[in-house]
Ligand SMILES: [Zn+2]
Ligand SMILES: [Zn+2]
């Protein structure tokens, strides 16, 4: 099979030929039809994550071997099933849950593969959707997209479930009370769509790029604040009408997390989702006196993917802007995303 793969971190992806796996046991082989390009792919391409304080996590320290095809927002067509496969047949088109776990631990038994400590994620440990084919260990990782546009359905495997799972951590939440979303890229826009679908109607979207305003407002944000200039906190508070109970930080840099935390009301929660990197200093007594919480949110579960696709099939979920590109343009797509030039999501096809 062909794969657009990282061969050397930070260098352009190369098209390589790797053996096409033949599915054994409960494994399913799919031909990739669509693959969304996510910010995590840019980090993967760069080969490292900024952990703050000068610490860096190299992908090769996470068990990644190169060459490896990134891409984890995948829709594919079933090509071949192992002898023990039930629930899908050759020719079926399915959205793929990419955050595959070890299959043995407690998290995996609860279908919370995203919390497994021995993950075999597609596009990280195994070849992902930048390859022509992918293998999943079991048909339970495949979700019927129903009537959802396939390019859009691909984005639900990461940005969709990541937004959904992060939002759930703030629930229950008064539908009329302001909620702040930092970042109006693929994830931020997905979160606006999800919150609207859940009946929320006071969403303040924040981004350092003022050009993201149009997309955020069209997606259903109640207000937009560009925070590239000074006094970000005050300008956001002017839109929220005061401190808020919930902030979702889809960027999660030192600056955005600081701003997000400083927006919280007593009892309010900051959910960290992005991996831009950095660190903030907190007053421990202040955390107690104000009863605040900060929580990290890592992608979502298989059930979250089923839930998001069901929400989309009910017609409640407004689509995010999608730009389809040929897979041969994978390098160009990553460059555009790195440079903040993408409105919504690029989805590689073919
Ligand atoms: Zn992703
Ligand atoms: Zn596990």
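The values are calculated or read from the model by the stated rules, or taken from the named source; none is laboratory data. Not measured: the values here are computed from a predicted model. In this analysis, Cβ positions are derived from the backbone assuming ideal geometry, glycine residues included, and neighbour counts consider all displayed protein chains.
What to note about this one:
- Flag not set for residue 41, criterion: surrounded by fewer than 20 Cβ atoms within 10 Å (Cβ to Cβ), under 21 Å from residue 340 (Cα atoms), more than 16 Å from ligand 2 (Cβ to nearest atom) and under 19 Å from the mean Cα position of the chain (by Cα).
- Counting only strands (runs of 3 or more DSSP E) that sit completely within the range 241-350, those holding 3 or more residues that are touching a strand residue (DSSP E or B) at 6+ places or on another chain (Cβ under 7 Å) and either within 19 Å of residue 183 (Cα to Cα) or within 16 Å of ligand 2 (Cβ to nearest atom) (or both) correspond to 244-249, 264-272, 293-296.
- Among the residues making up the range 79-108, those that are touching a helix residue (DSSP H, G or I) at 6+ places or on another chain (Cβ under 9 Å) and in a strand (DSSP E or B) are 81, 93, 94, 95, 96.
- Test: residue in the range 7-28 that is closer than 24 Å to residue 162 by Cα and crowded, with 22+ Cβ neighbours inside 10 Å: no
- Residue under evaluation residue 81, criteria (1) in contact (Cβ under 8 Å) with a residue 60 or more places away in the chain; (2) crowded, with 19+ Cβ neighbours inside 10 Å; (3) over 22 Å from the mean Cα position of the chain (by Cα), criterion not met: (1)
Okay, residues lined up against (1) buried (at least 23 other Cβ atoms within 10 Å of the Cβ); (2) closer than 27 Å to residue 255 by Cα:
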residue	(1), (2)
163	yes, yes
166	yes, yes
188	yes, yes
198	no, no
205	yes, yes
214	no, yes
217	no, yes
222	no, yes
234	no, yes
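So that you can scan it fast, the table gives a plain yes or no per residue for (1) within 27 Å of residue 5 (Cβ to Cβ); (2) at pLDDT 95 or above; (3) more than 13 Å from ligand 1 (Cβ to nearest atom); (4) outside the structural domain of residue 63 (by TED's automatic domain parsing):
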| residue | (1), (2), (3), (4) |
| --- | --- |
| 80 | yes, yes, yes, no |
| 86 | no, yes, yes, no |
| 94 | yes, yes, yes, no |
| 128 | yes, yes, no, no |
| 138 | yes, yes, yes, no |
| 153 | yes, yes, yes, no |
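- Residues satisfying the stated conditions in the range 268-286, i.e. over 18 Å from residue 233 (Cα atoms) and at pLDDT 95 or above: 273, 283, 284, 285, 286
- Qualifying residue in the range 21-34 (condition: within 16 Å of ligand 2 (Cβ to nearest atom) and not assigned by TED's automatic domain parsing to the domain that holds residue 273): yes
- Test for residue 13: is it touching a helix residue (DSSP H, G or I) at 6+ places or on another chain (Cβ under 6 Å) and under 21 Å from residue 325 (Cα atoms): yes
- Every residue from the range 158-192 that is farther than 18 Å from residue 210 by Cα, in contact with a helix residue (DSSP H, G or I) (Cβ under 6 Å, 6 or more places away or on another chain) and more than 14 Å from ligand 1 (Cβ to nearest atom): 167, 178
- Residues located in the range 236-266, provided they are buried (at least 20 other Cβ atoms within 10 Å of the Cβ) and at positive phi: 252
- Residues that are assigned to a strand (DSSP E or B), modelled with pLDDT of 90 or more and surrounded by 17 or more Cβ atoms within 10 Å (Cβ to Cβ), drawn from the range 49-69: 68
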